[in-house]
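Contents: one structure, followed by commentary.
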Amino acid sequence: MGMKVAKFGGSSLADAAQFKKVREILLSDEVTDLFYQCNRLAASGSDFAEAFDTIRARYHGIAQELGLTVDLDGYLDEVSRNIQLGAGADYAASRGEFLNGLLLADLLGYEF
């Protein structure tokens, strides 16, 4: 396995419960890894629909659990299309932060 770099501090490590959350994050399969997988599959001409469906389900699950109203499908479809068209690894890796931003803006009632 390659090296992973992550930054946690402040409120992310404020107490034992937060340390446990960080541990789970670091040991779990990250959505970014799935975006990279989609990019690799697309670059090799392979179908990445199954991997992308996992991403789609995770974001829909988060939105549903939080009672959000943001229409994710349009954004997810655009991301999938751009990966298919060869947007590249940097684009694929940044889509998690982009989608998280959409969800957080909706949760806070802010315009994205």
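Maximal additional length on extending the Y91-R58 stretch stands at 10.0 nm, based on 0.36 nm per residue less the C-alpha distance. If I compute P(r) over Cα pairs in 10 Å bins from 0, in percent from the structure I just sent, which labelled value in (i) 14, 42, 31, 12, 1; (ii) 13, 39, 36, 12, 1; (iii) 13, 35, 36, 13, 2, 0 lines up? Derived directly from the coordinates: (ii). Per residue, segment 31-112 exposes an accessible area of 59 Å² to a 1.4 Å probe, with every protein chain left in place. When peptides 9-16, 67-74 are ranked by their average number of other Cβ atoms within 10 Å per residue, the highest-first order is 67-74, 9-16.
Per-residue 3J(HN,Hα) values for segment 79-90, derived from phi via the Karplus relation 6.51 cos²θ - 1.76 cosθ + 1.60 with θ = phi - 60°, read 4, 4, 4, 5, 5, 4, 7, x, 4, x, 5, 4 Hz in sequence order (x marks Gly and Pro).
Placing +1 at every Lys and Arg Cβ and -1 at every Asp and Glu Cβ, with all other atoms neutral, what dipole size does segment 53-112 have around its Cα centre, in debye to the nearest 20? It would help to have the intermediate numbers written out before the result.
Numbers: 4 positive and 10 negative charges, 35 e Å.
Dipole magnitude for segment 53-112 comes out near 160 debye.
About the Cα centre of the chain, how large is the charge dipole given +1 on each Lys and Arg Cβ and -1 on each Asp and Glu Cβ? Please answer in debye to the nearest 20. If you can, show how the numbers build up before the last one.
Values: 10 positive and 17 negative charges, 98 e Å.
Once rounded to the nearest 20, the dipole reads 480 debye.
The values are calculated or read from the model by the stated rules, or taken from the named source; none is laboratory data. All figures in this text were calculated on a predicted structure; none of them were measured in a lab. No Cβ is skipped: glycine too gets one built from the backbone with ideal geometry, and neighbour counts run over all protein chains shown. Side chains included, ligands, DNA and RNA excluded: accessible areas come from the protein's heavy atoms. Shrake-Rupley method; radii C 1.70, N 1.55, O 1.52, S 1.80 Å.
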